[in-house]
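What follows draws every value from the coordinates through simple rules; no lab data is involved. Small disclaimer: the values here were computed from a predicted structure and weren't measured. Every residue, glycine among them, receives a Cβ derived from its backbone with ideal geometry; neighbour counts consider all protein chains shown.
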Amino acid sequence: MAGDAVREPAIERRLTLAVSPSGRLRLLESSDAPSLDPRPAEAITAAFAGETAAGLFHLGAVEVSTPLPPALGFFRDFARLFVARLCAIGDLEEMGAQVDVPVPPGLLDRIAGEAPPLAGAEYINAARLHAWWADLEAFFREEIRRHRGSVQSYLQAKNSVWNLVGRVYFHLPENKHVKTGRPMAQGPNGAMNG
């Protein structure tokens, strides 16, 4: 039909990650990798065109549930753990670019042992994962310094699954006329029960 845009056929992309001896992640085409949908393949390629931390953060924050080949999936799971631990920090909005994201003891050793077969897998160990974790922290801090909104808005723009835990306040009104020894609770109809 006249006026209809001609759509280019999607180019099949088969991507994997390789680790260099210096610890740099390199995104590579691989005939052995399963094909990726074009949209995430383009986004992942663009993210890894910059620094390693940008690519990792993209995998963990954006491609949260995207079906990925084993090497990309391994690094996505690692970076997704970073983002999940980041979101669990109670005063993250106040800390912003000053945040430190703690790593549970022993976790990186366990993760290193779960690396799938990939080029450079011998360079993945707890020390390398710790360095990538620190790179993710530095990347996030810089991103938040430049972001013109809240931490929540930044993370939500990456993927709607990310919510900050933050502080939760409970208001338990006291009924001084009833001596039940239990706090008052508001029922679904708004009635106070005690």
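Between the DSSP loop rule and a limit of at most 11 other Cβ atoms within 10 Å, which GluC sites (Glu not before Pro) in region 61-136 are left?
GLU114
Residue separation times 0.36 nm, minus the C-alpha to C-alpha distance between SER65 and ASN159: what's the value?
Here the answer is 32.8 nm.
Using a basic spin-label model with each label point 7 Å from the Cα along Cα→Cβ, how many nm lie between GLU114 and ASP37?
Reported label-point gap for GLU114 and ASP37 is 2.4 nm.
Please arrange SER30, SER65, SER20 by counting, for each residue, the other beta carbons lying within 10 Å of its beta carbon, fewest first.
Placing the least packed residue first, the sequence is SER65, SER20, SER30.
What are the ³J(HN,Hα) values, in whole Hz, obtained from phi via the Karplus relation 6.51 cos²θ - 1.76 cosθ + 1.60 with θ = phi - 60°, for each residue of region 59-65 in sequence order, with x given for Gly and Pro?
So the Karplus estimates, Gly and Pro as x, are 4, x, 9, 9, 8, 4, 10 Hz.
Does region 15-158 classify as rounded, prolate or oblate by the C-alpha gyration tensor (a ≥ b ≥ c root eigenvalues; a/c under 1.5 gives rounded; else a/b over b/c gives prolate, otherwise oblate)?
Cα axes put region 15-158 in the oblate bin.
Amide H of ARG13 versus every other amide H placed in the peptide plane: which residues, excluding those fewer than 5 positions away on the same chain, fall under 5 Å?
For ARG13, the qualifying residues are LEU36.
Which ³J(HN,Hα) values in Hz, rounded to whole numbers, follow from the phi angles of region 30-45 under the Karplus curve 6.51 cos²θ - 1.76 cosθ + 1.60, where θ = phi - 60° and Gly and Pro get x?
Coupling constants for region 30-45: 9, 5, 7, 7, x, 6, 9, 4, x, 5, x, 4, 5, 5, 5, 4 Hz.
Stretch GLU122-ALA88 to full length: gain in nm at 0.36 nm per residue minus the Cα-Cα span?
Once the chain is fully extended between GLU122 and ALA88, it gains 9.1 nm.
Using the Karplus equation 6.51 cos²θ - 1.76 cosθ + 1.60 (θ = phi - 60°), what ³J(HN,Hα) coupling, rounded to whole Hz, does each residue of region 127-136 give in order, writing x for Gly and Pro?
5, 5, 4, 5, 5, 5, 4, 4, 5, 4
ARG148 versus ARG14, label points 7 Å from Cα toward the beta carbon: distance in nm?
Result: 4.4 nm between the two label points.
Tell me which of THR52, ALA18, PRO67 sits at the most positive position along the dipole axis of region 15-158, charges placed on C-beta atoms (Lys, Arg +1; Asp, Glu -1).
Result: THR52.
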